[in-house]
Structure formats: structure tokens, C-alpha cells
Amino acid sequence: MVPSITSAAVEAMMSDLAGSARRAPEAYLAAARSTLLRILSRPELLDPSRLVGRGEGLSRNLLFGTEAISVWAMVWPPGVATPVHDHHCSCCFGLLRGALRETWYRPISDTHAVATLDAVRQPGFVACMMPSGPNLHRIANDGPEAAVSIHVYGYDHRVQASSIHRTYEIAEG
């Protein structure tokens with residue numbers, strides 16, 4: 001039998017993660033990775049109403065936020081993709097459901113970038129990075145089913161609208 005998990009337990013987990021944001025970058029990223037892995041292994045911890053899309057585009061549903069971190073559930077309908085972008089803050093994400101294509105890029109100017117690596121991410125995948133940049137990537141759902149990912153960003157959602165620092169056009173070549 002699985003012990004019951006309360007919303008208070010989730011709140012405590014997220015508060016602990018927010019507290020870790022004041023630690024050294026490596027320790028914070030390890031805490032974010034550990035928290036994401038716990039969430040991905042126990043999706044029943046999450047409010048199912050936060051894991052549904054709202055409309056045809058990418059849906060961002062806030063799960064938790066403080067001045068140190070913002071945790072989002074993102075719902076990716078088929079065909080949805082982000083622009084090529086980098087982040088002004090730490091960025092960690094884990095794939096809960098579905099498959100997503102993550103493509104990494106190298107900037108060739110302030111406005112254009114070329115692809116360097118392409119991978120399809122499956123449920124359970126977790127990645128974390130600091131804004132040591134440039135860390136340019138694009139995430140896309142090119143599969144037939146909706147995907148759900150959980151993202152931990154090192155910014156206050158009440159102060160900034162997004163974790164994206166800059167977007168780039170894809171250069172051919």
C-alpha cells in the first residue's frame with residue numbers, strides 16, 4: 001500500500017527546494033534534480049487539474065512559486081514548439097508524460113543559431129543547468145500525443161513573466 005501524500009507534503013518538498021536555491025549552484029541543481037525525480041516517480045503528488053492543457057498552444061500551469069523559484073507544469077499539444085532560446089536563470093525540467101524533442105543550438109550571432117544536438121526525451125528524463133550560457137535549446141512535441149513536463153526555474157514568477165532571456169532564429173547551414 002502506498003502511504004497517503006498530502007498537499008502539505010508537496011508544499012514542504014517545494015519549500016525545501018526553494019531554500020536550496022540559496023546554496024552553491026551544484027547543490028541547488030542536485031536538489032532540483034532530486035525533487036523532479038521524486039515528482040516524476042509519483043505523479044499522484046500533483047493536482048491533476050494542473051496537468052491539462054488550456055487551448056491549442058503550450059500551457060504553463062504554475063505549481064509553486066516563491067521569490068527564489070517557480071515550478072511549472074507545461075502541457076505540450078502535438079505540433080507545439082518553443083522558439084530557440086536561452087534562460088536568464090537556472091532551468092531544470094523533467095518529462096512526466098509523452099515524448100519531447102530537445103534540440104541544442106550554438107549561437108552564430110546575437111539573432112541566429114545553428115543546431116548542434118538533437119534528442120527525443122522520454123518520461124523520466126531530467127536535465128538541469130545554470131545560466132552559464134549560452135545554453136540555447138528548443139523543445140518541441142512532434143509526436144501524436146500531448147506531453148507534460150515539469151520545470152523548475154530560478155526566478156520569481158511575480159516579478160518576471162518568463163525564464164527566457166533571448167530568442168534566436170534558426171540559421172540554415
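How far is helix 25-41 tilted off the main Cα axis of the chain, in degrees rounded to 10, range 0 to 90?
The two axes meet at around 70 degrees.
What does the charge count around residue 53 come to, taking other residues whose C-beta lies under 13 Å from its C-beta (Lys +1, Arg +1, Asp -1, Glu -1)?
Net charge in that neighbourhood comes out at +2.
Post the alpha-carbon centroid distance, region 114-158 to region 14-40, in whole angstrom.
Here the two parts' Cα centres lie 17 Å apart.
Considering Cα pairs under 8 angstrom that are at least six residues apart, work out the relative contact order of the chain and quote it in whole percent.
Reported relative contact order: 28 percent.
Compute the long axis of helix 7-20 from its Cα atoms, compare it with the longest principal axis of the Cα atoms of the chain, and write down the angle in degrees, 0 to 90, nearest 10.
The two axes meet at around 50 degrees.
At what distance in nm do the modelled label points of residue 106 and residue 81 sit from each other, each positioned 7 Å from its Cα along Cα→Cβ?
2.0 nm
Counting only trypsin sites (Lys or Arg not before Pro) that are in a DSSP loop and have at most 14 other C-beta atoms within 10 Å, tell me the longest site-free stretch of the chain.
Between the exposed loop sites, the longest stretch runs 55-157.
Taking the structure as given and computing Cα Rg over 2.2 N^0.38 Å, which label from [x] 1.37; [y] 1.28; [z] 1.02 fits?
[z]
In deg cm²/dmol and to the nearest 500, what is the mean residue ellipticity at 222 nm of the chain if only DSSP H runs of at least 4 residues count, each as -39500 (n - 2.57), divided by the residue total?
Values: 2 runs with 31 residues, N = 173.
For the chain, the value works out to -6000 deg cm²/dmol.
Arranged by the count of other C-beta atoms within 10 angstrom, fewest first, what order do 159, 148 take?
Details: 159 8, 148 23.
Fewest-to-most ranking of 159, 148: 159, 148.
Every read-out reported here was derived from the displayed coordinates using simple, explicitly stated rules and does not represent laboratory data. It should be emphasised that the depicted structure is a prediction, and the values quoted were computed from it without experimental measurement. Cβ atoms come from the backbone with ideal geometry, glycine included; neighbour counts cover every protein chain shown.
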